[in-house]
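Below you'll find the structure, written out as structure tokens, and then a few comments.
Throughout, read-outs are computed from the coordinates displayed, never taken from laboratory work. Predicted, not measured: the structure shown is a model, and the values here were computed from it. Counting neighbours? That spans all protein chains shown, and the Cβs are built from the backbone with ideal geometry, glycine included.
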Ligand SMILES: Cc1ncc(COP(=O)(O)O)c(C=O)c1O
């Protein structure tokens, strides 16, 4: 192994929070001999239903599988338009494109990285059948006005809550979790998310018929019955979460409160340091009533700064960074016909100037100091 060139070691962008408990739970699941469709998946689902305050939560094999199942359960297909944020991880759009629907891109507010009622209104058409609002990087999207807009037009409101497990929004009866506002909501348990099952996802809904359809489609479209014991009533898929993953997820769920508190504390530490040292950086919105859960801490560099150069300097100083999410209008899969940057000023500014800094509960104050001083150095301050 080559020696680590950075004094103090590399500060990683992300590291999952894992311990002995996950290893033990995984070993127990393996020893049980039942690797799929057993009690651990159901227990994981029940725990998530309780945490989120939602009647139905179906565990699936990834966040992308969750979104694909949402597209299928809503019977979306050719001729249907689905509004998605221009600035996101492309799975948000891919799942809907895969069923033959057309993703229609809405700009985002550069301070929140989320769509707004105005950016969505601007791209609605008589063919719009669904809006997929992402809670980008763990900051709740404006769910109430977006849902009202959808309800008024008979459009399905879907939440892409891949980054937002545990995020909540103030409501009259007390805070309400992201993932309870849409007709369907989709979560991811990829290692970059707050908790992880290595790969994994979840679909939540208050609608029992949609939940039943999701469960059918994730499991080959089969139900008990008929002369062979099973009837295949729909062309289904295998998007099941395994017992091994659910065992890990149950332990991870127990850590969620601590993980979110640590991420928030570290993010506030970044804010303090950056406001003092680099006041011209754009910092993420963190509104009262819909606080950020900081799945990612994304700053916006000042206009004209060479981001690739900054990232290279950070790497040299042993600090990992990334560009955050992607502008779909710049990606060949979603840019037909190429609209250029003009309709997407918010997304384009994030796409050009966004910079995700290291954030995970394994970091300490000294790491924050090192990241911020490396960033200041890279910016020539
Ligand atoms: C907003 C968003 N949606 C969907 C996904 C897809 O989730 P997964 O990686 O679990 O398939 C991701 C993951 O990166 C994401 O960030």
Angle check, please: helix 143-153 long axis (alpha carbons) against the longest principal axis of the chain (alpha carbons), in degrees 0 to 90, nearest 10. 50
For a quick protection proxy, order the peptides 74-87, 184-197, 248-261 by their average other-Cβ count within 10 Å, most packed first. 184-197, 74-87, 248-261
If the chain between residue 352 and residue 14 were fully extended at 0.36 nm per residue, the gain over the current Cα-Cα distance would be 119.5 nm
In nm, the gap between the two label points placed 7 Å beyond Cα toward Cβ at residue 49 and residue 331 is 3.3
Which peptide among 138-148, 262-272 comes first, and what is the full order, when sorted by highest mean count of other Cβ atoms within 10 Å? 138-148, 262-272
Cα centroids of the stretch 233-293 and the stretch 54-68: how far apart, whole angstrom? 17
Stokes-Einstein D for the stretch 190-333 (4 °C, 1.567 mPa s, Kirkwood Rh from Cα pairs), in µm²/s, comes to 66
Report, in degrees rounded to the nearest 10, the 0 to 90 angle that the Cα long axis of helix 20-32 makes with the longest principal axis of the chain. 20
Paired Rg and Dmax values of the stretch 256-378, which use every Cα atom, in angstrom: 15.6, 48
When only Cα pairs under 8 Å and 6 or more residues apart are kept, what is the percent relative contact order across the stretch 263-381? 36
Two-decimal Rg/Rh of the stretch 128-278 from alpha-carbon positions, Kirkwood Rh? 1.06
FRET efficiency for residue 376 and residue 228, Cβ-Cβ distance as r, R0 = 51 Å, nearest 0.05? 0.15
Degrees, to the nearest 10: 365-378 long Cα axis against longest axis of the chain: 70
Rounded to the nearest 500, what is the 222 nm mean residue ellipticity of the chain from helices alone, with -39500 (n - 2.57) per DSSP H run of 4+ residues and division by all residues? -11500 deg cm²/dmol
Would you mind checking the stretch 283-312 for residues with the amide N under 12 Å from a putative spin-label position 7 Å along Cα→C-beta of residue 275? 283-284, 286
Kirkwood Rh over Cα pairs of the stretch 1-92 into Stokes-Einstein at 25 °C, 0.890 mPa s: D in µm²/s? 137
Quick one: grab Rg to one decimal and Dmax as a whole number for the chain, Cα atoms only, in Å. 21.2, 75
Could you give the nm distance between label points at residue 207 and residue 122, where each point is 7 Å from its Cα heading toward the beta carbon? 2.9
In whole Å, what is the distance between the alpha-carbon centres of the stretch 341-381 and the stretch 209-224? 42
Which FRET efficiency value, to the nearest 0.05, do you get for residue 342 and residue 148 by plugging their Cβ-Cβ distance into 1/(1 + (r/R0)^6) with R0 = 22 Å? 0.15
Sequence gap at least 6, Cα distance under 8 Å: using those rules, report the relative contact order of the chain to the nearest whole percent. 23
At the level of C-alpha centres, the distance separating the stretch 123-145 and the stretch 7-25, in angstrom, is 33
